[in-house]
């Protein structure tokens, strides 16, 4: 019974195994990235960036159809261009970074959807917007795995300046010049993960596997290290459970993964040990000291 | 030993308006100096210039083994995000940045040093506490522990005893005295003149322009203090270009 529910779908069907490998790899990299986005108060920046990579992917699509490397390369380039330009505009004008990102991602989304609608079919558009987690080919799996590996190694390398820039930017400036480069490297990792997520879950849901586990993890840990591990754990659990949910109920698989992550988030808000609502309502008797 | 910092006709300010005007002089090595002056006298501005956060409008600072990264600096309002999920131990250990950098491991000796620093500020047992749970005084003790680990030859403290109770200030003042005994150069902005007279051998009285700089007893005369109050007039929107030759 348990075998039928939990294991059989993956044992019997190769596309399920591929999908599982894809979402697990994706969740391992995206969760920790999400934690840092949240702590840097950039939770919505991931969303904006996800839309910003669309025109790049669309131009890749225009040039060579549903080709992995053209679309991923286009997405990466577009993501970097938007991240850097938004950063530059924020530093050289009165506009804050989130405001200039908001302007850029709306323009990008419009450009991307226009290109794909005019050049391709509605199926292509759905593919781009919602991804195809059940049809991951070898190259895409490899791309996701490489991106996740690069993400984890990269985060380890820039961990100290990244943490310190969130908690005490003044002190970081006084001891090191690593803050700026670390921020740029971090934004590059965000783009990398969105490009991965884009193939599996589509541009609209790619951010889900990044942010939902991260904000849920906030309710379970007081320490950033623990939070990073919990986020990766919640992400992989959502991937596994979401694929099963989709298999057994016929729900579309990408949204199913995000729905499970959403359910875990809702549960965490209510029952999370660190500041969850239920614990706040019934805190128990106060301690002696 | 040469002075770590020498000010040469230094003018610092914002939007071309000077906040510290034509400061000359040298910070003696191993000295313990108080910077005294009314609010708006340019004390914080001077410190920002010393640690390189503010470029001089005119004149300059000559540095001898006191590059900005060699200075331990405690700002008046540390821009610490207190809601950030990090514990006291990890935050204090960031004081090792200069010796350990981006990638250096924290070894047995470093852990001992961190424990000693926490012990010296009276925060033993607080290692695993999230920084958001600290009181104002404990927060300041934690920042002093980080300063201890920075092990800098030049230490700058911007109003370190503000909004701190008597016992905490006494404990932290003992650390400052300790640094002085170890022949480190310490400069601190302070408002409590009695404390300055008892513990700080030299004083810089600032009122946008330096009023006096030297031995505390000679600087903190009633006459000088009145002069400082009078000179500390407001930032004038219509001010013309300064005529003193640079």
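The values are calculated or read from the model by the stated rules, or taken from the named source; none is laboratory data. Being a predicted model, the structure only gives us computed values, none of them experimental. Positions of Cβ are generated from backbone atoms using ideal geometry, with glycine treated the same way; all protein chains shown enter the neighbour counts.
Being assigned to a helix (DSSP H, G or I), within 23 Å of residue A:88 (Cα to Cα) and facing chain B (nearest Cβ under 10 Å) is the filter here; which residues of region A:147-164 pass it? Residues satisfying the conditions are A:161, A:163, A:164. Hey, can you tell me all the residues within region A:192-238 that are in a helix (DSSP H, G or I) and closer than 13 Å to residue A:255 by Cβ? Matches in region A:192-238: A:200, A:201, A:202, A:204, A:205, A:208, A:209, A:212, A:238.
Here region B:57-79 is the region considered, the condition is being part of a loop (DSSP other than H, G, I, E, B) and surrounded by 20 or more Cβ atoms within 10 Å (Cβ to Cβ), and the residue that is farthest from the other protein chains (Cβ to nearest Cβ) is B:57. Taking region A:73-86 as the range and being surrounded by fewer than 24 Cβ atoms within 10 Å (Cβ to Cβ) and either closer than 17 Å to residue A:116 by Cβ or at pLDDT 85 or above (or both) as the test, the residues that pass are A:73, A:76, A:77, A:80, A:81. Among residues that are closer than 22 Å to residue B:193 by Cβ and either within 14 Å of chain A (Cβ to nearest Cβ) or at pLDDT 90 or above (or both), residue B:51 is not included. Out of all the residues in region A:257-272, is one or more modelled with pLDDT under 95 and within 14 Å of chain B (Cβ to nearest Cβ)? Looking for residues that are modelled with pLDDT under 95 and within 14 Å of chain B (Cβ to nearest Cβ), one finds at least one in region A:257-272, hence yes. Each residue in region B:97-112 was checked for being more than 9 Å from chain A (Cβ to nearest Cβ) and surrounded by 20 or more Cβ atoms within 10 Å (Cβ to Cβ), and 0 of them qualify. Checked against the criterion of being in a helix (DSSP H, G or I), under 30 Å from residue B:77 (Cβ atoms) and within 13 Å of chain B (Cβ to nearest Cβ), the candidates A:173, A:177 yield just one match: A:173.
Being over 18 Å from the mean Cα position of the chain (by Cα) and without any contact (Cβ under 8 Å) to a residue 12 or more places away in the chain is a condition met by at least one residue of region A:131-151.
Filtering region B:80-92 down to residues that are more than 8 Å from chain A (Cβ to nearest Cβ) and more than 26 Å from residue B:112 (Cβ to Cβ), which residue is surrounded by the fewest Cβ atoms within 10 Å (Cβ to Cβ)? Selected residue: B:83. Residues in region B:18-34 that are assigned to a strand (DSSP E or B) and more than 19 Å from residue B:60 (Cβ to Cβ): B:32, B:33, B:34.
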